[in-house]
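Student: Sharing a structure below in structure tokens format, with a few things to ask.
The values are calculated or read from the model by the stated rules, or taken from the named source; none is laboratory data. Here the structure is a predicted model, which is why all the values come from computation and not from measurement. Quick reminder, even Gly has a Cβ in these numbers, built from the backbone with ideal geometry, and neighbours come from all protein chains shown.
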Amino acid sequence: MVSNKKSGKPKFCFLKKEPIRSVTFSLLGICFVIFSLVLLVLTSVFESNQISLLEYFTLYFPKQTLVFFAILLLLTGLYVLGCTIQKLIQPLGVTDSLETAQECLDDKSFKNGAKVVAFGGGTGLATLLRGLNYTNNIVAVVTAADDGGSSGRIRREWGLVPPGDIRSCLLALADTEPLMKSLFDYRFKAGEGLEGHNFGNLFILAMSEVTGDFETAVREFSRVLNVRGRVMTSTLDSIGLKATYEDGSEVFGESAINKRGVKIEKVSLVPDTSSPNPAALLAIDNADFIILGPGSLYTSILPNLLVPGIAEAIKMSKAPVLYVVNVMSEPGETTGYTASDHLNAILEHLSIIDLVDYVLINNADFSDETKKRYKEDGAFPVAVDLEKLDLLSVKIVLKDLASSNDFARHDPEKLAKAIIRIMSEEVL
């Protein structure tokens, strides 16, 4: 059952304040126009001895001054009305120039002011962070349910929070030499016990052993790489991910969920009693803007939001919430999903119908060659079903977000500009 009741602090949302703005400015413009027309009629048609009010005015102001003032009021009123109408009929993010967003990118008040919290994992969130790595006030929150690859091995053998997504996000936010990034992203190709491990993951493991604390290790890693912002997990507890499919079968383990080949009904955390990371809750409470995605729907985004207390904190936050829809479906996870299917899955899992204020969707196409290559792997561009999205009461933002290379991914710079354009309406 999806609840449509939202409690807590009122959400600062452009959708809620824009009608009030529009009506106020419309009335102001209409008043200017009416008053100016009346003044023009009085000064041009009637004699001063017939209209006592006009006679009173002309004792202090020449008639030419009154005419000039009336014309100025008329132009002002028409301008205000025109701006209001343009604002109402212009789709956000479709016709606005990207230069406006670029000005925001360079604005020092944003770099050091607006606080952004982004949830996700994998390559999707890292892509977003590479575009937003100019701000000092971004917090990336990643899942602690990863159990595959190098992270999974470290988790099983050392009992550490899986470091892979944290490492990827730290590198995306790092202000350091390319060689350093390549070093910490290096994966060993041979060696007993080393093959398949990532050097950055091992560095975090070693730092955790030296400092005796995972969070301290991440902070020190951030210092070494001169990272802008912070990266953390949604919980510090050891958790796993379980998927339940339409046929009633279940699979445990994040890395195995997309291999079943059956539509996912729901995912859940095991155990379901994990505690939220206090630092993540504080970041949400202080946030000016919250971003969900991009990233794997069932294995990156939802595992963060399912941690008890995280979704509730987002719901209580004053910050507007943006969901970035993936550009491609993921085989075995979101096969055949439309944009509304992605959003519905989040809302239904959390039983919060009004958690999201904005949905950002790519509307650019990929080359036939790229789509053919992805089709062979079972991935397809996510269809934009506007009618169903409209029913979810979200502000829909369509933009060209596609990367120009041979991969069907978001372009970091395009994605950042689109997000900043939305934020400029909200918090800047």
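Student: Return the total of residues in the stretch 175-195 being under 16 Å from P163 (Cβ atoms) and more than 32 Å from the chain's Cα centre (by Cα).
Tutor: 2
Student: Go through (1) modelled with pLDDT under 95; (2) touching a helix residue (DSSP H, G or I) at 6+ places or on another chain (Cβ under 9 Å) and name the single condition C169 misses.
Tutor: (1)
Student: So how many residues does the stretch 286-308 have that are part of a helix (DSSP H, G or I) and either under 18 Å from L392 (Cβ atoms) or outside the structural domain of K115 (by TED's automatic domain parsing) (or both)? Give the derivation first.
Tutor: Going residue by residue through the stretch 286-308, those that are part of a helix (DSSP H, G or I) are 286, 297-305.
Remaining after also requiring either under 18 Å from L392 (Cβ atoms) or outside the structural domain of K115 (by TED's automatic domain parsing) (or both): 297, 301-302, 305.
Residues meeting the conditions: 4.
Student: A follow-up question, please. Could you list all residues from the stretch 374-404 that are of a type outside the set (A, V, I, L, M), closer than 17 Å to Y323 by Cβ and free of Cβ contacts under 8 Å to residues at least 24 places away in the same chain? Break it down into steps so the answer makes sense when it comes.
Tutor: Of all residues in the stretch 374-404, those of a type outside the set (A, V, I, L, M) come to 374-378, 380-381, 385, 387-388, 390, 393, 395, 399-400, 403-404.
Retained after the next criterion (residues that are closer than 17 Å to Y323 by Cβ): 385, 388, 390, 393, 395, 399.
The answer is D390, and nothing else.
Student: Taking the criterion of being assigned to a helix (DSSP H, G or I) and surrounded by 13 or more Cβ atoms within 10 Å (Cβ to Cβ), would at least one residue in the stretch 223-239 satisfy it?
Tutor: First, pick out the residues of the stretch 223-239 that are assigned to a helix (DSSP H, G or I): 223-225.
Then keep just the ones that are surrounded by 13 or more Cβ atoms within 10 Å (Cβ to Cβ); that gives 224-225.
Yes: the stretch 223-239 contains one or more residues that are assigned to a helix (DSSP H, G or I) and surrounded by 13 or more Cβ atoms within 10 Å (Cβ to Cβ).
Student: Quickly run through the stretch 331-350 and pick out the residues that are part of a loop (DSSP other than H, G, I, E, B), of a type outside the set (G, A, S) and surrounded by fewer than 19 Cβ atoms within 10 Å (Cβ to Cβ). Show your work before the answer.
Tutor: Initially, the stretch 331-350 is screened for residues part of a loop (DSSP other than H, G, I, E, B), giving 331-337.
From the residues that got through so far, the ones that are of a type outside the set (G, A, S) too are 331, 333-335, 337.
Answer for the stretch 331-350, where residues must be part of a loop (DSSP other than H, G, I, E, B), of a type outside the set (G, A, S) and surrounded by fewer than 19 Cβ atoms within 10 Å (Cβ to Cβ): P331, T335.
Student: Additional query: Being of a type in the set (S, T, Y) and either over 16 Å from V227 (Cβ atoms) or in contact with a Cys (Cβ under 7 Å, 6 or more places away or on another chain) (or both) is the filter here, so list the residues in the stretch 140-181 that pass it. Lay out the reasoning, then the answer.
Tutor: Going residue by residue through the stretch 140-181, those that are of a type in the set (S, T, Y) are 143, 150-151, 168, 176.
Across the stretch 140-181, the qualifying residues are T143, S150, S151.
Student: For E426, state whether it is charged (D, E, K, R), modelled with pLDDT under 95 and under 25 Å from N304 (Cβ atoms). Walk me through how you get there before you give the answer.
Tutor: Working: charged (D, E, K, R): yes; modelled with pLDDT under 95: yes; under 25 Å from N304 (Cβ atoms): yes.
So E426 fits the description; yes.
Student: Sort out for me the helices (runs of 4 or more DSSP H) sitting completely within the stretch 127-221 that have 1 or more residues that are crowded, with 24+ Cβ neighbours inside 10 Å. Show your work before the answer.
Tutor: Working: elements: 149-158, 164-173, 178-184, 199-211.
Result: 149-158, 164-173, 199-211.
Student: Go through (1) under 22 Å from L355 (Cβ atoms); (2) surrounded by fewer than 19 Cβ atoms within 10 Å (Cβ to Cβ); (3) touching a residue at least 12 places away in the same chain (Cβ under 8 Å) one by one and return the number of the condition F407 breaks.
Tutor: (1)
Student: Of all residues in the stretch 240-253, count the ones that are assigned to a strand (DSSP E or B) and either at pLDDT below 95 or more than 10 Å from L269 (Cα to Cα) (or both).
Tutor: Restricting attention to the stretch 240-253, the residues satisfying the condition of being assigned to a strand (DSSP E or B) are 240-245, 250-252.
Of the ones still in play, those that are also either at pLDDT below 95 or more than 10 Å from L269 (Cα to Cα) (or both) are 244-245, 250-251.
Number of matching residues: 4.
Student: Please go through the stretch 309-326 and give me each residue that is part of a loop (DSSP other than H, G, I, E, B) and either of a type in the set (A, V, I, L, M) or more than 11 Å from the chain's Cα centre (by Cα) (or both), ordered by number.
Tutor: Taking the stretch 309-326 as the starting set, the residues that turn out to be part of a loop (DSSP other than H, G, I, E, B) are 309, 317-320, 325-326.
Hits for the stretch 309-326 are G309, S317, K318, A319, V325, N326.
Student: Looking at this structure, is I420 in a helix (DSSP H, G or I), in contact (Cβ under 8 Å) with a residue 12 or more places away in the chain, farther than 20 Å from T334 by Cα and of a type in the set (V, I, T)?
Tutor: yes
Student: Let me ask something else. Which one of these is of a type in the set (A, V, I, L, M), at pLDDT 95 or above and either exposed (fewer than 13 other Cβ atoms within 10 Å of the Cβ) or in a loop (DSSP other than H, G, I, E, B) (or both): L389, L355? Steps first, answer last, please.
Tutor: Working: L389 fails: either exposed (fewer than 13 other Cβ atoms within 10 Å of the Cβ) or in a loop (DSSP other than H, G, I, E, B) (or both).
None of the other options fit; the residue is L355.
Student: Which of the following residues is more than 21 Å from D146 (Cα to Cα), touching a residue at least 12 places away in the same chain (Cβ under 8 Å) and not acidic (D, E): V227, V267? Even if it seems obvious, please write down each step before you answer.
Tutor: Details: V267 fails: more than 21 Å from D146 (Cα to Cα).
Every option except V227 fails the conditions.
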